1. If I take every Cα pair under 8 Å that is 6 or more residues apart in the stretch 257-400, average their sequence separation and divide by the length, what percent do I get for the relative contact order?
2. Pop the C-beta distance of residue 338 and residue 137 into the FRET formula with R0 = 45 Å and round what comes out to the nearest 0.05.
3. Hey, what angle do you get for helix 305-315 against the long axis of the chain, alpha-carbon based, 0 to 90 degrees rounded to 10?
4. Mind sorting 228, 26 by how few other Cβ atoms lie within 10 Å of their own Cβ, fewest first?
5. Using the Cα gyration tensor of the stretch 175-232, with a ≥ b ≥ c the square roots of its eigenvalues, what is the shape: rounded (a/c below 1.5), prolate (a/b larger than b/c) or oblate (neither)?
6. Calculate the spin-label point distance for residue 93 paired with residue 401, positioning each point 7 Å from the Cα along the beta-carbon direction, and give it in nanometres.
7. By per-residue mean of other Cβ atoms within 10 Å, what is the highest-first order of 465-471, 288-294, 15-21?
8. Going by a ≥ b ≥ c, the root eigenvalues of the Cα gyration tensor, does the stretch 383-502 fall in the rounded group (a/c under 1.5), the prolate group (a/b larger than b/c) or the oblate group?
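Bear in mind these aren't lab numbers, they're just calculated from the coordinates by the rules spelled out. Keep in mind that what you see is a predicted model, and the values were worked out from it rather than measured. Neighbour counts are summed over all protein chains in view; Cβ atoms, including those assigned to glycine, are modelled from backbone coordinates with ideal geometry.
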């Protein structure tokens, strides 16, 4: 990651931090990124990563990576490792070792004992159905559990026995004793511990009771000395509970929680449950399918960490709705790739052209640079041959008005080469076009033809020198901006049947040894990336389209 400081865009969180530092409330800042290891991270997490780690970097503070591993049924080492890989790939490094909520299980248990001793927590025997009934609704207050008035001694005894494994899963919970009539349902005696005999990825079978997220998160923040606990707006109603827990235990640090709007990206979904459904039902090839909004998927598609960080910067941080069109993300990626991707030629939908006046050893080839603004990228030889490939779309027998590509009797410039004239179209017995017969103007290598103007320029490849490659054209996964907006309608119905098409195309020989994840601009076609799974340098070549050269989606939909 570059050490050059980027221009900083102010937002309400930065204003809070500036005031806290100026007023002496904090001498430095400590943030954290606290994912659950129960799935792969997506673009919304990328925004949070850039915010938390970015603030720590800009203010010369620290950012912890802490896994909230309190729900062992859904957690795995695979997910935990992928999250660490994603954070590093985005260009960030956490402070010290990776932290885990399970590091604090004993302390969390002792704080729960303290709450019981203060009469602020009790063991409840209500069934889950009864608890929902007693909880009330948004318009009706809840009512106290019949077990709410148990003595401190009885609660301590029952909680100790819960830990010892004397009771069945789900038979008892430990609840905070707050206010069953509160207008905030989260404050109506929330459960803070439940019995669950599940093997944990780090603590094994040492525990059969696990703390709830709302209880665990605030204490973990306090134990780590977090100064600014940043989360998305759905946790705003949970903040009173965050503060209540810290106000009622003996702990010297009391972090403050601040909420910002979560990212919603058009033409995709960010629900972990629904993303898992896509994977499990094989609607995509996996978590890293390049159509997925996961960081792994974006990486495999060819998105750059710099482009994703720029996207996070552009969309900003606020409390207002943050629904962003896919074009915003694609624009940030496109802008980053424009200056760093070498340019080569490829043909995706090939049509053969026979150059009738090609003379072996006399018709020249030409050297071409990999980037017009970056001579340091070097150059390669673009070789002409007797037979070349062009894009089938670059020829029309009945061209529309304004056509500047190839037609019978018309001329175009071959990129980096001669002016080419189409003399004849060859068809098979069924009338299908199979080949063009063309001739070059040998006096036009590197210069314009005398007495006439040729407007069109097309890309091409020598059949002799080109390499075959699998070209995967990815498009948006869904056909509508908000595929899961209607909760009564199956979002699968909006899957785009054309979100992936695979072509057997051709590429320049200079990319033969391209490493997986190498990025290129295929001239006139878009930005492409060597697939990090299936591409083999020097062997099978597989390229994924990362993004088009310009935003054509809106135009195509009209």
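1. Here the relative contact order equals 20 percent.
2. Numbers: r = 54 Å, r/R0 = 1.20.
The formula returns an efficiency of 0.25 here.
3. Between helix and principal axis, roughly 70 degrees.
4. Ranked by crowding around the Cβ, least crowded first: 26, 228.
5. Numbers: a/c = 2.79, a/b = 1.24, b/c = 2.25.
Because a/c hits 1.5 or more and a/b fails to exceed b/c, the stretch 175-232 counts as oblate.
6. 6.2
7. Numbers: 465-471: 18.7, 288-294: 23.7, 15-21: 14.3.
Order by mean packing, descending: 288-294, 465-471, 15-21.
8. Values: a/c = 2.45, a/b = 2.37, b/c = 1.04.
It is prolate, given that a/c is not under 1.5 and a/b is the larger ratio.
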